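So the structure is just underneath, and the comments pick up after that.
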Amino acid sequence: MDTSLLDNPAWHALNGRHAHLAQKRGPILRYPADVSPFIGFEQAEDSAILPDVLAEGETALIWWPEELATPAGLDLIVRFPILQMAAFDFQPVEIEAADVMGDDDVADMIALTALTKPGPFTTRTRHFGHYVGVREEGKLIAMAGERMKPGNFTEISAICTHPDYQGRGLAKRLTQIIGARIVKAGQTPFLNVLPENVSARALYDRLGFTLRRQMFVHLLRKPGGEAADDPFFSSL
């Protein structure tokens, strides 16, 4: 199986199944700001025009196989390695269903991700794809969903559990639900995990995910304006 699309997931997603979300400026493709700060381009040198694409104070989040040079006119807020894992033989199991997240759940989804910080999540991030969650006494306590969709791969993301409800297997359950949906659609699940998150890596190993490669996440910001207010960024 050709996995090279996963080296540049945002670019291939925005040229494919997320083309309906793509905003184009020269060689740059991006998601709407209220969906995600992810930006894609085909060649590393294309990043040189990012200062012309971003508004003052705006951020760009870039996944790349190597460390990128910071374009003149932008500030590097943070750069860190992340491990990309894929499940080429994911075995769905019959498990209890979860609530499908809709527009009425967005405020609770934002509150949960603000607390647990699985990645940037804002008012229309749900438009990446399918999201499910678990509620207890009306409170959203865990969730997971789909994010980038390059080629026949679909990323599982926003896997998070409220700290007061950890240790109950909720992350495993929701990852299985989303993974089973992806496989049923004829696609291959993949995800990203921080190298130091040993417990999450162990869970993904048990679910059939294997390490594909190390990637680098770059958070860039154009000076001026107001700093991004997403809790994920303010925690970095």
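Could you calculate the contour length gain from Arg135 to Ala97, that is, 0.36 nm times the residue separation minus the distance between their Cα atoms, to one decimal place in nm?
Answer, rounded to one decimal: 12.5 nm.
Given labels modelled 7 Å from the Cα in the Cβ direction, how far is it in nm from Thr70 to Leu5?
Inter-label distance under the simple model: 3.3 nm.
Between Ala44 and His20, what length comes free when the chain is fully extended (0.36 nm per residue of separation minus the Cα-Cα distance, one decimal in nm)?
Between Ala44 and His20, full extension yields 6.2 nm more.
Which entries in Lys117/Lys149; Lys149/Lys222; Lys24/Lys184; Lys24/Lys117; Lys139/Lys184 show an alpha-carbon gap greater than 23 Å?
Numbers: Lys117/Lys149 21 Å; Lys149/Lys222 27 Å; Lys24/Lys184 31 Å; Lys24/Lys117 28 Å; Lys139/Lys184 29 Å.
Lys149/Lys222; Lys24/Lys184; Lys24/Lys117; Lys139/Lys184, as the Cα separations exceed 23 Å there.
With each label point set 7 Å from Cα along the Cα-Cβ vector, what nm distance links Leu211 and Ala114?
3.6 nm
Sequence-distant or interchain residues sharing an amide H contact under 5 Å with Gly151, placed H: which?
Hits under the 5 Å cutoff: Arg17.
Which percent, nearest 5, of DSSP beta bridges in the chain are antiparallel? Intermediate values should be presented prior to the final figure.
On the way: 38 of 42 bridges.
About 90 percent, rounded to the nearest 5.
For Ser199, Ser47, what ranking results if the residue with the fewest other Cβ atoms within 10 Å of its Cβ goes first? Write down the numbers at each step before the final one.
Numbers: Ser199 10, Ser47 23.
Least to most surrounded, the residues fall as Ser199, Ser47.
Which of Arg30, Arg206, Arg147 ends up with the largest GNM mean-square fluctuation for the chain, with Cα atoms connected below 10 Å?
So, out of Arg30, Arg206, Arg147, the one fluctuating most is Arg206.
If you take the beta carbon distance between Glu56 and Thr123 as r and set R0 to 30 Å, what does 1/(1 + (r/R0)^6) give as a FRET efficiency, to the nearest 0.05?
Values: r = 21 Å, r/R0 = 0.70.
Given R0 = 30 Å and the Cβ-Cβ separation, E is 0.90.
Given the C-alpha centroids of the stretch 167-202 and the stretch 6-85, what is the distance between them in whole angstrom?
So the two Cα centres are separated by 24 Å.
Using a/c under 1.5 as the rounded threshold, could you call the stretch 29-175 rounded, prolate or oblate? The axes a ≥ b ≥ c are square roots of the C-alpha gyration tensor eigenvalues, and prolate needs a/b larger than b/c, oblate otherwise.
Details: a/c = 2.26, a/b = 1.70, b/c = 1.32.
The shape class here is prolate.
How high is the relative contact order of the chain, in percent, with contacts defined as C-alpha pairs under 8 Å that are six or more residues apart?
On the way: 476 pairs, mean separation 74.0, N = 236.
Normalised by residue count, the contact order of the chain is 31 percent.
Values in this text are rule-based calculations from the coordinates and carry no lab data. Since we're looking at a predicted model, the values are computed, not measured. Positions of Cβ are backbone-derived with ideal geometry, glycine not excepted, and every protein chain shown enters the neighbour counts.
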